[in-house]
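A.B. asks: Dumping the structure here so I can ask a few things about it.
Just so you know, all these numbers are worked out from the coordinates, no wet-lab data involved. No experiment lies behind these values; they were computed from the predicted model shown. Here Cβ is always computed from backbone atoms with ideal geometry, including for glycine, and neighbour counts include all displayed protein chains.
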Amino acid sequence: MEYIQRIIDNEIDKRSRAFNAISIIGPKGSGKTRTAKERCRTVIEFQDEEKRDGYIAVAETSPKLFFKNAKPILFDEWQDAVKIWGAIRKDCDDNPESVGEYFLTGSTSKKVDAPHTGTGRISEIVMYPMTLFETKESNGTVSLTRIIEDPMYDIDGATSSTTLEQLFFAACRGGWPRCLALKNNDAKLEIAKDYYRQVCNKDTSAIDGVKRNPEWVRGLLWSYARNMASTVKKSSIYADVKATQNVTDATLASYITTLEALFVIMDIDAWTPQIRSKTAIRSAKKHIFVDPSIGLAALGISPDYFNNDLDLFGHVFENMVLRDLIVYAQAHGARIMHYTDDTGLEADAVFQLADGRYALIEIKTGANRIPEAEKSLLRFKEVIRRHNETALENPKHPRAVYREPSAMIIICANAPMAYTTDSGVRVVPIGCLRD
């Protein structure tokens, strides 16, 4: 299968010019090994059964012998030969002028404690599942970061042919590169289902050798899926599991930590500017799946299900967009957060660049929700403006002011065309969006 260009490629190449070794981590099946292979002249695969014993023997006795091979060298499944990490670290110290010579990839279900950290020598980068732009559901005619950076950027008229039915399927299929090698749609849906089964039955125990109850894992993933892209309290998630299982909160908390380490679930931090002195900011994290297909596998849902439940798809769509935004943010040194306060002021996502510029983003399934989303974004901007006016009323004792948003964006599932409203809000179909 021909290599599919990934958004993370530019970041990997940038790191390769600064560090001698790159460790690519992330969920299994996200394409880590294939991406590393594209850059390497030598590939050492410790899972290759024909060569495994010999590789392990070398790694245990004299791992430096591997370095005589043509570089760059990829060490795949390096956790099976943990001394490789230390040997690479030592080589980085001995040859500080060398860059881009080593790549390490491995399974997230194997956690090993290397004797030394790779800080300053081995740069770690996370690879996430593929975005809709990478899987071609989006034509990529509208750049998110360019909207923020260039006020004159003209997005009007960019069209999308992506249908809701295609998005239903994309959500259940997931952003797994393996799917793109398959022609049969039912076969593509099996990838996420098997991923879910492996996480429940094997990976949560294999990661550190601690035996974990698959039923408790299933219960947690089912509850997370029911509350996808929400800020529901962990106590509510625990209650869902404890309704049918005899398990403590402390145990469930440890299971959640394990699922996060496996890159199955993750949290989006809250953006917390104090723009109203008497307003309580809801700083709860937003819970998402690294890929929504895992949650849908936990619920046992097929694409056709959404024909009769667009409300659930709204949460799934938000999770899918947040997955893509995280990838886009990583490519541009940005952060993804969310905002909610006790007055109802909210933003589904805040895309903040390293220099402080940011976009307030609302994520909506139906085009009929665009006016409502526009009003919410404009209200948010007005609150910030009024806060700044008040903060500067006393020039002798000014209070903190906050940068106004560089852009206000509505990402919509079924909008056929990108456009700018009279108030300056950018409406972007998900079928047009890229980084």
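A.B. asks: I need the phi-derived Karplus couplings for region 298-305: 6.51 cos²θ - 1.76 cosθ + 1.60, θ = phi - 60°, integer Hz, Gly and Pro marked x.
C.D. replies: Karplus-based 3J(HN,Hα) across region 298-305 equals 5, 7, x, 9, 9, x, 5, 4 Hz.
A.B. asks: Quick one: angle between helix 83-94 and the longest Cα principal axis of the chain, in degrees between 0 and 90, rounded to 10, please.
C.D. replies: Relative to the chain, helix 83-94 is tipped by roughly 80 degrees.
A.B. asks: So, R0 is 22 Å and r is the distance between the beta-carbons of Ala239 and Arg335; what FRET efficiency does that work out to, to 0.05?
C.D. replies: Rounded to the nearest 0.05, the efficiency is 0.10.
A.B. asks: If I take R0 = 25 Å and measure r between the Cβ atoms of Asp13 and Ala70 in this structure, what FRET efficiency does the formula 1/(1 + (r/R0)^6) give, to the nearest 0.05?
C.D. replies: For R0 = 25 Å, the calculated efficiency reads 0.85.
A.B. asks: Please report the antiparallel percentage of the DSSP beta bridges confined to the chain, to the nearest 5.
C.D. replies: Of the beta bridges lying entirely in the chain, close to 40 percent run antiparallel.
A.B. asks: Working from Cα positions, state the angle (0 to 90°, nearest 10) between the long axis of helix 52-61 and the longest principal axis of the chain.
C.D. replies: 80
A.B. asks: What are the ³J(HN,Hα) values, in whole Hz, obtained from phi via the Karplus relation 6.51 cos²θ - 1.76 cosθ + 1.60 with θ = phi - 60°, for each residue of region 2-16 in sequence order, with x given for Gly and Pro?
C.D. replies: Result, ordered by residue: 5, 5, 9, 4, 10, 4, 6, 4, 4, 5, 4, 5, 5, 5, 5 Hz.
A.B. asks: Something else now. Between the helical axis of 214-226 and the dominant principal axis of the chain, each derived from Cα atoms, what acute angle in degrees is found, rounded to the nearest 10?
C.D. replies: Result, in degrees: 30.
A.B. asks: Give me, ordered by chain and number, the residues 5 or more places off Gly106 or on other chains with an amide H under 5 Å from its own placed amide H.
C.D. replies: Sorted by chain and number, the residues that satisfy this are Glu77.
A.B. asks: Compute the distance in nm between two label points, each set 7 Å from the Cα along the Cα-to-Cβ direction, one at Ala250 and one at Met417.
C.D. replies: 6.2
A.B. asks: Report the extension gain between Asp53 and Val210 in nm, rounded to one decimal, defined as 0.36 nm multiplied by the number of residues separating them, less their alpha carbon distance.
C.D. replies: Here the segment from Asp53 to Val210 would lengthen by 53.9 nm.
A.B. asks: Which length gain, in nm to one decimal place, applies between Ile4 and Arg386 when the Cα-Cα distance is subtracted from 0.36 nm times their residue separation? Walk me through the intermediate numbers first.
C.D. replies: Numbers: separation 382, 0.36 × 382 = 137.52 nm, distance 4.72 nm.
Length difference between fully extended and current span is 132.8 nm.
A.B. asks: In nm, what is the difference between 0.36 nm times the number of residues separating Val232 and Arg39 and their Cα-Cα distance?
C.D. replies: Gain on extension, Val232 to Arg39, equals 65.3 nm.
A.B. asks: Suppose R0 equals 41 Å; then what is the FRET efficiency for Arg146 and Asp342 from their Cβ-Cβ distance, rounded to the nearest 0.05?
C.D. replies: 0.75
A.B. asks: Taking Cα pairs under 8 Å and at least six residues apart, what relative contact order does region 214-349 come out at, in percent?
C.D. replies: 29
A.B. asks: Can you give me the long-range amide H partners of Asp435? Hydrogens built in the peptide plane at 1.01 Å from N, cutoff under 5 Å, separation of 5 or more residues or another chain.
C.D. replies: Leu144
A.B. asks: Rounded to the nearest 500 deg cm²/dmol, what is the calculated helix-only ellipticity per residue at 222 nm for the chain, with -39500 (n - 2.57) per DSSP H run of length n ≥ 4?
C.D. replies: Values: 13 runs with 153 residues, N = 435.
Theoretical 222 nm ellipticity from helices: -11000 deg cm²/dmol.
A.B. asks: Then there is this: Applying the Karplus parametrisation 6.51 cos²θ - 1.76 cosθ + 1.60 with θ = phi - 60° to the phi angles of region 353-364, what ³J(HN,Hα) value in whole Hz is obtained for each residue in order, glycine and proline being reported as x?
C.D. replies: Here the 3J(HN,Hα) series is 6, 5, 8, x, 5, 8, 10, 8, 10, 10, 10, 10 Hz.
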